[in-house]
Amino acid sequence: MSAVLPKRKSVQTSLFDYLPSAKRCKVEEAATILSGDEEASPVNSRSEAPEICQDSCAKEASSSSASPATLQPVPEEPLLTPDCWSVQQWCYFKGEYEWIFLASGHIGCSVCRDVKATGGLSVHSCGQSLRISMEWADGKVGPSGFGKHARQKQLRKKIMEHKSSGAHKASQDILTARKNKHLTEVMQQSSGKHLDSTCRVFHTVFYLTKKNRPFTDHPDLVDLQEVNGVEMGRVLRSNVTATEIVRHIASEMQKKLVCYIREHKPKISVFVDESTTVSNKSTLIIYLQGLFRAHCKPVTIFFGLVDLQETNALAIKEALLGYFENVGITKTLLHEIWIAICSDGAAVMFGSKGGVITLLRPEFPNLVLSWHCLAHHLELAVGDTIDEVGGANHLKMFMDSLYATCSMSPKNTRQLQMAASDLGLQLQKIGKMLDTQWVASSYRMVQAVWNCFPALYKHFREAAKDLSRPTRDRSKYDGLLKKLTSNSFVKDLGLMCDALQELKDLSLALQSRDITIVDAHSLLVGQVWRFFAMKESPGEFSSTAQSAVDCGHFKGVHISQGRENSVSLNERQFYQSLSVNLAKRCAPDLDKELVSSFSVLDAKNLPNDEDIVLYGENEIQRLCTKFQLPIRDTIHAFRDFKDFGGKRCPEAFRALVACMETLPASNADCERGFSAMNLIASPSRAFLHVATISSCSWLKLNGPPVKAFKPLSFVKSWLEKGRRTAEETHCEQAHAKKDSLEDFYVGFWEIVN
């Protein structure tokens, strides 16, 4: 009785231990496999099974490797073979033709794929130009016909025809030549002059990117350097070439970073945010924060910009994981190193039922923290206070009227500047208060009104009496003047200056790149108590405003009682609301346990000798479980840390501290990235491809200064891909475009030169 094959899943899981040669299958068994009779060729032992290709089972092999015990199991992905092949048949053909790879139930040619990836769509053989088969390069070749045996026959025929095709043979020759011809040989054939001129071109393109200059400046900069006597070569002068160089440099930098991550496996936090470019393309920006060099502080780096076809949670999640997979960071690696994700708190990110974080949780249960940016939390807390306290909305509406009157009219702005210069004041720009911008912008606005109070009074008084203005405008200015010189406005202005100054300092601290969640939590708790205390003890601006109300003059301007029905801010209610909303928004109870556990890592919190023996060991064990670190080694390192009074930091303990410092406090770097993106993809460059914008952002945000940039390694990798040097002679030399005015002004230029 013939043996019955196990289910496909069981066969799949046993393929990782197969011996590395498909030639060991017997001739009779191979014939049986080719005939498709699965029952006649049972898998009796693992030693008799052929090798499965590395391309098809890379994910399965990596998921089966040794991993920490705290890791959650990674779900296995099925091995999708063509519908007319069994797994044994696929293994047989993979052993016979090593260049075959699987792609979603189809097959392809890895040789043609690799040649296509280097930019070559055609190859040359015996003086003929042969085009690479896109179906084989993209892995889209499948069986045809009806019936299992007919489909098997057609697929074998396609394999044999492709094997003997000229394009496939030429592609194999290209890859063999590249493997045998090392870079040193290429460098020997290329003179130092070629490398030097190519490096100068790369340096020029790098400068364009760092300074947000358009790539159309590249030909002119090359010409300028040649005028100054610098040798720049014959080619690599077009704006298209500059774009390719930028993408090449950014790609190589990212590859180096990914190699470091795969080798050292540092713990990382991911920052994500969604926005729209000037060309109305939805994009997802990705930042990483981690310790990318031993004995240094964690840094935050721009990692990529992804084009979003849809902006729902599922599409964003798939785009994020797909981008990591494309650059070489697999899901298995993410399970080991990904400890936190931070976003701006949008519903699509943090929705409890279908947000991105909610969708990621089942796949990555080891995520320690899903963090809503504290700087955005702060803005929401201020917004809640403005909604609760009645007088704040009246002050905001008056400030908006000031902005519309003084900043949006060139005539009024000019007259206000004249009034300020007459009084010896430096006019500050008056903007909007408590809008979608950060509270720091609101503080600058109220501070401008505070400092320019005399100039505003003079401008409003003259405009209210200016008979050349319409009656409606004069009445408007008269109303603004009465509101400006009222006691309630001066007191509210002082109160808002004190509150926004505190909020501005806190917001800027939370946006700092080196702040940890422990420090951020400490700042927030301290600010809550500070606002609570300011109910009884007013700040500097409020004290000055109260003194002005008592004496009836503020900065030389007479102020009056104002209207009886005017609404002013209740100082005690305002600060009470701020402290409550700040505590509710920015210091939730769910995060206090994590923050209290981290407090034992600070040497300042170590107790006296009597209580130090078992101090913090439960917290260390809890943190090691969360971050997948060796518990006993870390506890022993922590004991050394305690014994030396915090002056000694063993390696295992430093790894835990690095995890704490890697957890994000705010999402401000994504906002900085979008600001840089808006400078790169300006309205005049609105049609830049998202990949090009991402490459420019890589160099702009992560690249070294222009003086410190070393282009030689990038030039070498450029030449390895078969690209031209600046001194290439097998192509037409680039010619400078003729100035359209040259024919008319050549005589005039001779005179003025």
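The values are calculated or read from the model by the stated rules, or taken from the named source; none is laboratory data. No experiment lies behind these values; they were computed from the predicted model shown. As a convention, Cβ positions derive from the backbone with ideal geometry for all residues, glycine included, and neighbour counts pool all protein chains shown.
What to note about this one:
Rundown of residues vs (1) of a type in the set (S, T, N, Q); (2) modelled with pLDDT of 90 or more, yes/no style:
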residue: Ser275; (1), (2): yes, no
residue: Ile286; (1), (2): no, yes
residue: Gln289; (1), (2): yes, yes
residue: Phe292; (1), (2): no, no
residue: Ile301; (1), (2): no, yes
residue: Asn312; (1), (2): yes, no
residue: Glu318; (1), (2): no, yes
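- Every pair of residues 6+ apart whose Cβ atoms lie under 7 Å, when the first sits in segment 133-146 and is closer than 19 Å to Gly166 by Cβ and in the same structural domain as Ser164 (by TED's automatic domain parsing) while the second is aliphatic (A, V, I, L, M) and outside any loop (DSSP other than H, G, I, E, B): Ser133/Ala167; Glu135/Val141; Val141/Ile107
- Residue count for segment 645-664 satisfying the condition of being of a type outside the set (Asp, Glu) and either part of a helix (DSSP H, G or I) or crowded, with 21+ Cβ neighbours inside 10 Å (or both): 12.
- Selection of segment 673-689 for residues being free of Cβ contacts under 8 Å to residues at least 12 places away in the same chain and within 30 Å of Leu367 (Cα to Cα) yields only Ser675.
- Summed over segment 275-297, the residues that are buried (at least 18 other Cβ atoms within 10 Å of the Cβ), under 17 Å from Gly703 (Cα atoms) and over 14 Å from the mean Cα position of the chain (by Cα) give a count of 0.
- Sub-9 Å Cβ pairs linking a first residue in segment 465-479 that is within 16 Å of Ser409 (Cα to Cα) to a second residue that is outside any loop (DSSP other than H, G, I, E, B) and of a type in the set (Lys, Arg), at least 6 apart or interchain, are Arg474/Lys465; Tyr477/Arg461; Tyr477/Lys465, ordered by first then second residue.
- The residues in segment 450-473 that are under 20 Å from Tyr403 (Cβ atoms) and either touching an Asp or Glu at 6+ places or on another chain (Cβ under 9 Å) or in a helix (DSSP H, G or I) (or both) can be counted, and the count is 16.
- Breaking point among (1) in contact (Cβ under 8 Å) with a residue 12 or more places away in the chain; (2) assigned by TED's automatic domain parsing to the domain that holds Phe531; (3) of a type outside the set (A, V, I, L, M), for Thr358: (2)
- Test: residue in segment 406-414 that is buried (at least 17 other Cβ atoms within 10 Å of the Cβ), touching a Cys at 6+ places or on another chain (Cβ under 6 Å) and in a helix (DSSP H, G or I): yes
- Within segment 726-753, residues that are modelled with pLDDT of 75 or more reach partners that are not charged (D, E, K, R) and not in a loop (DSSP other than H, G, I, E, B) with beta carbons closer than 8 Å, at six or more positions or on different chains, in the pairs Ala726/His194; Ala726/Ser197; Ala726/Thr198; Ala726/Val201; Glu727/His194; Glu727/Ser197; Glu727/Thr198.
- Lone qualifier among Thr300, Thr330, Thr311 - being polar (S, T, N, Q), in the same structural domain as Lys255 (by TED's automatic domain parsing) and under 16 Å from the mean Cα position of the chain (by Cα): Thr300
- Flag if Thr485 is among the β-branched types (Val, Ile, Thr), surrounded by 16 or more Cβ atoms within 10 Å (Cβ to Cβ) and farther than 30 Å from Leu378 by Cβ: yes
- On inspection, Thr662 qualifies as under 18 Å from Phe303 (Cα atoms) and in contact with a Pro (Cβ under 9 Å, 6 or more places away or on another chain).
- Number of residues in segment 502-529 that are touching a residue at least 60 places away in the same chain (Cβ under 8 Å) and either assigned to a helix (DSSP H, G or I) or outside the structural domain of Val446 (by TED's automatic domain parsing) (or both) equals 13.
- Some residue of segment 532-550 being in contact with a Ser or Thr (Cβ under 8 Å, 6 or more places away or on another chain), not basic (Lys, Arg) and not in a helix (DSSP H, G or I): no
- Tally, over segment 311-370, of residues that are β-branched (Val, Ile, Thr), part of a loop (DSSP other than H, G, I, E, B) and either touching a strand residue (DSSP E or B) at 6+ places or on another chain (Cβ under 7 Å) or under 20 Å from Cys659 (Cα atoms) (or both): 3
- Flag if Ile680 is within 19 Å of Lys211 (Cα to Cα) and not assigned by TED's automatic domain parsing to the domain that holds Asp344: yes
- Residue in segment 636-645 that is more than 35 Å from the chain's Cα centre (by Cα) and of a type in the set (Gly, Ala, Ser) present: yes
- Any hit, segment 264-287, residues being farther than 21 Å from Cys373 by Cβ and not in a loop (DSSP other than H, G, I, E, B): yes
- Restricting the first member to segment 609-622 and to residues that are within 17 Å of Ala655 (Cβ to Cβ), and the second to residues that are β-branched (Val, Ile, Thr) and modelled with pLDDT under 90, the beta-carbon pairs closer than 8 Å and six or more apart or on different chains are Gly616/Val600; Glu619/Val600; Ile620/Val600.
- Lone qualifier among Ala658, Ala652 - being within 27 Å of the chain's Cα centre (by Cα) and either at pLDDT 85 or above or closer than 30 Å to Leu208 by Cβ (or both): Ala658
- So Lys504, is it closer than 23 Å to Ile386 by Cβ and modelled with pLDDT of 85 or more: yes
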